[in-house]
Amino acid sequence: MCVYIDTILQYRYLIDMNVLAEELNNTLEGTIAGRMLSKVGRRIYFPKGIIAQSTEAKKAAFKANATIGMAFSHGSPLLMSVIKDAMPVFKPSEIVAYAPTAGVEEARLAWKDLLSQKNPSITEHISLPVVVSGLTAGISLTATLFLDEEQTILASAPCWDNYELIFQERYGAFLKEIPFFNGSDTGLDIDSIEKDILKQAETGVVRIILNFPNNPSGYSPTIEEAEKLIGLFKDVADRGADVLVICDDAYFGLFYEDHIIQESLFCQLSTLHERILVVKIDGPTKEDYAWGLRMGFMTFGSKGLTAVHYDALVKKLMGAIRSTVSCANTPAQYLMLKTMNDPRTPAEKDEYFNILRNRYLAVKKIVSIHAEDRNLRALPFNSGYFMSFHCVGVKAEALRRRLLARGVGVVALGDAYLRIAFSSIEEEDIPSIYQLIYEEAAALGDYL
């Protein structure tokens, strides 16, 4: 009976699919993107409704455009005075008008050009970035397109706690954490990573999210480690497995050591193999110190995809955006454009980078002094905003509460890891804050 019901449901699923979704699926048929689509990913499409018809009207309706739900006067959106006064350098259309579903075209083109500047080895064989409402939204939208219930996605251990909320709780998938570090300060545990990826490849499909610089560890791979990871993915694809790699590049560019790979793994993975699909999720949130603007980008890349395939994928992504938040924040996109084009920006970014790097160096110095501490063992760190301790002789949550009572806020990730955002601590305060952390850990360890 259950088999019969499942067959009926599957049949209804097929016959009820919108013709536009079928067209996109047919375009992607036989590609890595087509094979990796989730059930929702296969069903989703961008409708030829209000948004599409409004786009056509903007080009052809020279007498009157009565398609979009906005209020105009003499060709300009109506705008409250307090908003206009607060944003005097913007046109009304740059403040309150709806942005296109995939984002302001100028912003998308500018970000793609910036990707090439920051990643010289990147090729033109990628999609045009799509604007999303923050990097978290980008990760969730990727799961919408490519992840079904009870499917497995790999991540680092430890990983950002929101991955569990997104992949496991929201989408019903299984988040499997791989031990990325081998208990020393030497870097990635390539052997453990390889073991888990090869085991997952036996199912025929590997889904993994890579977050470099890593949150919470603050680690980015060395050039040698990056080459090994890339070789591992190629080997898996050569063996016949389909591979989805999500590059969560939130903290890209904040690399404090010369031996770290300076480009996103997206660059080489996007042209590596027809069985590998890469989704790059990035944006100005951390890179350009614009956290609350809630703006990010999603870019697709695969050796086996053409411009026609990318267009179909972007339309599916647009359908996912349209059916959730409709479009991203308009003024955030124009703020980003103005920031990119302002002559002050490069020098300011260099200044802020040096502030963060000096804080990193201060943390590195004090951690090296306490390298033999019996309670706290620093995970490898060399980039980003954070570093983390593996709590060996104490429980992280108990230590967090003791530190909070002393006026210091940190994050406990379960009982095993304590994350410190050194990005938010003044350089001159780092020695005393870390000394307090070590002292409280020692006191807690003696108590236990």
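List of remarks:
- GNM remark for the chain: springs join alpha carbons under 10 Å apart, and the peak mean-square fluctuation among Tyr251, Tyr352, Tyr385 falls on Tyr352.
- Structural descriptor for region 87-341: relative contact order 28 percent, calculated from alpha carbon pairs under 8 angstrom and at least 6 residues apart.
- Here's the list of aspartates and glutamates a cross-link from Lys234 could span, going by alpha-carbon distance under 14 Å and ignoring same-chain residues fewer than 8 apart: Glu194, Asp242, Glu274.
- Three-way shape call for region 241-289 based on the alpha-carbon gyration tensor, with the a/c threshold at 1.5: oblate
- Springs between Cα atoms under 10 Å define the GNM used for the chain, and in it the highest mean-square fluctuation of Pro100, Pro343, Pro380 occurs at Pro343.
- Gyration tensor (alpha-carbon) shape descriptor, the chain, a/c threshold 1.5: oblate
- Using alpha-carbon coordinates, inclination of helix 135-146 to the longest axis of the chain, degrees: 60
- Between helix 19-28 and the chain: long-axis angle, C-alpha atoms, 0 to 90°, nearest 10: 60
- Residues of type aspartates and glutamates that Lys286 reaches as a straight line, Cα spacing below 13 Å, ignoring anything fewer than 8 places off in the same chain: Asp248, Asp249
- Relative to the longest principal axis of the Cα atoms of the chain, helix 2-15 runs at roughly 60 degrees.
- Given Lys91/Lys118; Lys112/Lys228; Lys91/Lys338; Lys112/Lys280; Lys195/Lys280; Lys118/Lys349, the pairs whose alpha carbons are separated by over 18 Å: Lys91/Lys118; Lys112/Lys228; Lys195/Lys280
- GNM result for the chain, Cα springs below 10 Å: residue of Asn211, Asn65, Asn354 fluctuating most strongly: Asn65
- Tensor-based shape of region 345-447 (alpha-carbon gyration tensor, a/c under 1.5 rounded, otherwise prolate or oblate): prolate
Every number in this text was worked out from the coordinates using simple rules, so none of it is lab data. These numbers come from a predicted model, not from an experiment.
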